[in-house]
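Student: One structure, as structure tokens, below. Some questions next.
Nothing in this text is a laboratory measurement; each read-out follows from the coordinates by a stated rule. Please read all numbers here as calculations on a predicted model, not as lab measurements. Methodologically, a virtual Cβ is constructed for each residue, glycine included, from the backbone with ideal geometry; neighbour enumeration extends over all protein chains shown.
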Amino acid sequence: MRVSNRLEFTENHRYVAYRDFALSGLDRTLLSHLYQPMVGAFAVGLYTLLYHLLEEERLGYTVPEPQRRLFLGLDLDPNDAGRKQLIEGSSKLEAVGLLQVYRQYDPANEETLYEYVLLRPLPAAEFFTNLHLSLLLRDKIGKPALLELKSRFAPERPVGLARFMNREEATVPFYELFRLSAGPVDPELEAALSESASAVEAVASPRIRKPEKIRHSDMLLRFPRGSANRAFVERLPLQDEAMEQINYLAYKFDLEVPEICRLLDEDGSFEADGTLRWDALQARANLIYRQTRKRGEERERYMARLNSPGGAGAASAGASEAEEAGGELTAGAAMLDVPARFPAKVSKEQYNRLLRTEPYTRMQERYFPGAVPASFSNIFEKISINYGLPDPVVNVLFHYLMGMEDTQRLTNNFIDSIASNMLAKGIDTYEKAVAYVRSQEKLNETLERRRRGQEDEPAAGKPSGYGAGGRGRRGGAGGIGGSRKPAMPVVGDGPAEEVSAEDREKMRELARKLQGKNPQ
């Protein structure tokens, strides 16, 4: 808990506690055997006291009350020493991932309220995969005791199962057994579900959401201590959406923790107040992504030559299935059909969910069985980085291009012209991009009908306008080339006029004067 002034954290300040789980017998055992040696008995007592403020079968918030109850329950004196001890115990719980503390301020009443959000202890298997927690526990109890606890709470498979081979999963997935009704989208229900899911700020924790690729604790282990940006990196969890942006960047460009640390260690990665410079980070991450992809392609070609000396290396076995995208789209009108070239078998709702949420680099990979062609990567990198179009808009643009029947038009200039048109029209959201694509498809259909109608005119015996024979200046056969050029009048040779002797003499005189002024 970060408290700059002890007077901002006293027994008179009010607090609320929140939890959305109930401890099982195994959780209590893990709490006493794994967490208590790291944080101490006082911190675990604080955690237990906050937990039992609500009944065992209840979830939610407690009633706001002064923190005097915490001081009395922990046998602390309401003085500076007691406040310091309570802050230290809370900080230890926060460091190991058992507690989150939020400070809220009411300007009307000039009151500060503290919110204690309890988190469930990690399962044993996940606990021992966290390197920093395992190392801290080893420092507290020693290596032999750590290995004994690991063998107790994270047992390995029995020896007798080693003789069984060809282990395959026989689990029935959800979509094979259940079918959801294809009714209309209910905005009220979706709004209620999203509000209930985001009402608690603790959902920002990677343990409550899906596991994140980049964790703040892993970054601190690898980040240089003498770096000028070390203080900014330590304060990243305190900023809104900072870790979410970093994880999105890592997912978009397939980066790992060392690469993220190397990006954040460079000059110009943070503003003066510690906020991330998103454009600079995205540009540098894109360079790493291109270098990694180039090395990967070279490595694949080299391995293919080793495995197939005759040059007949086997290609990779098709494109992977798309991730199951849960939820419905609120905007029922902004729905695009799944193109025939999309290799994955997904529903229309899932495909549109991917267009909304996936980075353009990941979405392009789903269209091709192997690597994305360099021409597509370069032009869409320019559209995303230089033009600044959001990823959903870039995904809709790529969907529009891949759905074209006239594939000969997919040149860099053609794609750049469409992106420039979208940028000029201020298309910056998914809905605007879908509307733009639909208008362009209708325009293309109208132009196609007109073109076919003009092609049918010479066949019906109508004059083309540039000669009834149906041949234009280019030598084409009848069609658009002959009908677009009208018959222009041409000046012909008229009758020769007779020049008198007087006029002829004047003309000769004028010629002699001009020749005298300009001698050769």
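Student: Kindly write out, for the range 362-379 in residue order, the coupling ³J(HN,Hα) from the Karplus curve 6.51 cos²θ - 1.76 cosθ + 1.60 (θ = phi - 60°), rounded to whole Hz, with x marking Gly and Pro.
Tutor: For the range 362-379, the Karplus curve yields 6, 5, 5, 5, 6, 7, 10, x, x, 6, 6, x, 5, 5, 5, 4, 5, 5 Hz.
Student: For the range 93-167, what number results from the quotient of the Cα radius of gyration and 2.2 N^0.38 Å?
Tutor: Values: Rg = 20.4 Å, N = 75, 2.2 N^0.38 = 11.3 Å.
In units of the 2.2 N^0.38 Å rule of thumb, it is 1.80.
Student: Also: How big is the range 21-143 by the Kirkwood estimate over distinct Cα pairs, in Å?
Tutor: One decimal place: 15.8 Å for the Kirkwood radius.
Student: If you don't mind, another one. Determine the principal axes of the Cα atoms in the range 231-284, then give the extent along each, sorted from largest to smallest and rounded to whole angstroms.
Tutor: 27, 21, 19
Student: Can you give the charge dipole size of the range 348-450 about its Cα centre, rounded to the nearest 20 debye, using +1 on the beta carbon of Lys and Arg and -1 on the beta carbon of Asp and Glu?
Tutor: Here the size comes out at about 180 debye.
Student: Could you pull out which residues in the range 1-21 have an amide N less than 13 Å from a spot 7 Å beyond the Cα of ASN109, following the Cα-Cβ vector?
Tutor: It comes to 13-16, nothing else.
Student: What base-10 log of the normalised intensity I(q)/I(0) is obtained for the range 1-92 from the Debye formula, alpha carbons as equal point scatterers, at q = 0.15, 0.17, 0.22 Å⁻¹?
Tutor: Here log10 of I(q) over I(0) equals -0.63, -0.80, -1.21.
Student: While we're looking at this one, here's another question. Once you have a ≥ b ≥ c as the square roots of the Cα gyration tensor eigenvalues for the range 351-392, tell me rounded if a/c is under 1.5, and otherwise prolate or oblate according to whether a/b is larger than b/c.
Tutor: oblate
Student: Go through the range 4-14 residue by residue and turn each phi into a ³J(HN,Hα) via Karplus (6.51, -1.76, 1.60, θ = phi - 60°); whole Hz please, and just put x for glycine and proline.
Tutor: 6, 10, 5, 6, 7, 9, 10, 6, 8, 6, 8
Student: What number comes out for the charge environment of TYR367, summing +1 per Lys or Arg and -1 per Asp or Glu over other residues with Cβ under 12 Å away?
Tutor: Combined, the nearby Lys, Arg, Asp and Glu give +1.
Student: Which of the peptides 261-267, 140-146 is most tightly packed, and how do the rest follow, going by the mean number of other Cβ atoms within 10 Å of each residue?
Tutor: Going from most to least packed, we get 261-267, 140-146.
Student: Would you mind getting the Kirkwood hydrodynamic radius of the range 348-450 from its Cα pairs, rounded to one decimal in Å?
Tutor: 14.1
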